[in-house]
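Worksheet: the structure to be examined is printed underneath.
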Amino acid sequence: MVRSETGRVLVVDDDPTVADVVSRYLLRDGHEVVCVADGHAALRAAEERPPDLVVLDLMLPGIDGLEVCRRLRERWPVPIVMLTALGEETDRLIGLETGADDYVTKPFSPRELALRVKSVLRRARGALAPTGETITDGDLTVDAAAHEVRLGGEEVSLTAREFDLLAFLMRHPRQAFTRTDLLQKVWGWEFGDSSTVTVHVRRLREKIEQDPTAPRRILTVWGVGYRFEPLT
């Protein structure tokens, strides 16, 4: 049986040195690794055999990484870890808004990337959620065992990170958390860009709130952060 932390990883990077180093570390951790050098090849590889996770460089020849991310998201709920240039905050935020589950900035530690890959796979497969737990608020239901969210009976498509954030907030109703709290408690980051939380809150509101500009469930607590306010 494949462990929840390992899987088939598609590495998309046009720098052969980066691709080689990344693949070596991932292979060492027990992953099956496929490397391609451009966006078109990435989409073909995913079509032929959908990967369990994609490590995706933003700067690619042909189709850039953001467009590859969008097209992958249209077809499959595959977790995506983006590689971005140091200091390119706008690219990181756009990547998260497009659907990436995590990002690592270049230059990066291959060991850190390998750990991020393991963490994202574990979250995507629901290993962090208590088995059998179901959380309900009116017409909104989070099924942790199935790793599924339904609103009004219809399934809501969430990334692994969005799922973790929603489940955590619903487990702690009416409790305010800072962005730093959420980075640490939801995703286990001891450091990180708090704008990551802001992006995912905005994406969740777009998916579960009737009016995302006037949210009723995921509320902003000014000067603090966010809290979940049950409707029932």
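Which of the residues that make up region 46-63 are more than 19 Å from the chain's Cα centre (by Cα) and either exposed (fewer than 15 other Cβ atoms within 10 Å of the Cβ) or modelled with pLDDT of 95 or more (or both)?
E47, E48, R49, P61, G62
Among the helices (runs of 4 or more DSSP H) lying completely within region 155-232, list those that include at least 1 residues that are of a type in the set (D, E) and open to solvent by 30 Å² or more (accessible area, probe 1.4 Å).
On the way: elements: 160-171, 179-187, 195-208.
Helices (runs of 4 or more DSSP H) meeting the threshold: 179-187, 195-208.
Of the numbered conditions (1) more than 16 Å from R227 (Cα to Cα); (2) at pLDDT 90 or above, Q175 fails exactly one; give the number of that condition.
Evaluating Q175 over (1) more than 16 Å from R227 (Cα to Cα); (2) at pLDDT 90 or above leaves (1) as the failure.
Kindly provide the set of residues from region 32-56 that are without any contact (Cβ under 8 Å) to a residue 60 or more places away in the chain and in contact with a Pro (Cβ under 8 Å, 6 or more places away or on another chain), ordered by number.
V34, A37, D38, G39, A45, V54
So if I check each of L10, L26, which one is in contact with a strand residue (DSSP E or B) (Cβ under 7 Å, 6 or more places away or on another chain), modelled with pLDDT of 95 or more, more than 20 Å from L96 (Cα to Cα) and not in a loop (DSSP other than H, G, I, E, B)?
Exactly one of L10, L26 is in contact with a strand residue (DSSP E or B) (Cβ under 7 Å, 6 or more places away or on another chain), modelled with pLDDT of 95 or more, more than 20 Å from L96 (Cα to Cα) and not in a loop (DSSP other than H, G, I, E, B), namely L26.
The values are calculated or read from the model by the stated rules, or taken from the named source; none is laboratory data. Remember, it's a predicted structure, so these values are computed and weren't measured experimentally. Reconstructed Cβ throughout: ideal geometry from the backbone, glycine too, with neighbour counts over all protein chains shown. The protein model used for the area step is the full one, side chains on, heavy atoms only, and it has no ligands, DNA or RNA in it. Shrake-Rupley method; radii C 1.70, N 1.55, O 1.52, S 1.80 Å.
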